[in-house]
Amino acid sequence: MESLLVSTGVIALAEIGDKTQLLAFLLAARFKKPLPIIAGILVATIFNHGLAGALGAWITSLLTPEVLRWVLGLSFLGMAAWTLVPDRIEDDETTIASRFGVFGATLVTFFLAEMGDKTQVATVAMAAHYPAPLMVVAGTTLGMLIADVPAVFAGDKLAAKIPLKLVHGIAAAMFAGLGLATLLGMGARFGL
């Protein structure tokens, strides 16, 4: 249960102000059809984070527990720093929307925008860290929806009221805490 709760909370916070959340704002403003946008976000996130979770689980089979502990600890610390860097939407990610309809545009743009994004990298790291990668993927998907669904419904009005620096600071602190805990061997009782 810890893997589900931690991954949900960390990703929900990390996603606030992330380029995929900005993409949700943009698609909502452009199409004004929230349900196909939300469905596209859900399907894209399941596929993207499913691949990330599988990669994280695979990494655990390749590395010794000691090496894995250092790789994960340093990865979480890197994620903490990366979370403090604001994202921007790239124009080519939004031009796809005109070709595939609302659901298709959301599916394609979210999947592509998440490739190599901090929430995908965090999913890989958490799936390698926790012994239940499926729970991590469920949690990271839920975290994405917690952050992005309000963005779809509230659009720019909500974005103007959220203190992004504070939210990013909290998410960075959570990643740093996970990194330090991992480096200090606090996951030893879980076999990490």
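Computed from the coordinates by the stated procedures, all read-outs in this text should not be read as laboratory data. Predicted model, so just to flag it, every value in this text is computed and none were measured. All Cβ positions, even for glycine, are placed from backbone atoms using ideal geometry, and neighbour counts span all protein chains on display.
Table for the structure above
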quantity	calculated
Linear extension gain, Leu183 paired with Lys32, 0.36 nm per residue minus alpha-carbon span	49.8 nm
Linear extension gain, Met115 paired with Phe153, 0.36 nm per residue minus alpha-carbon span	11.2 nm
Gain on full stretching of the segment that runs from Ala39 to Val67 - 0.36 nm per residue minus C-alpha separation	6.2 nm
Gyration tensor (alpha-carbon) shape descriptor, the stretch 97-156, a/c threshold 1.5	prolate
Relative packing of peptides 19-25, 172-178 - highest average C-beta neighbours within 10 Å first	19-25, 172-178
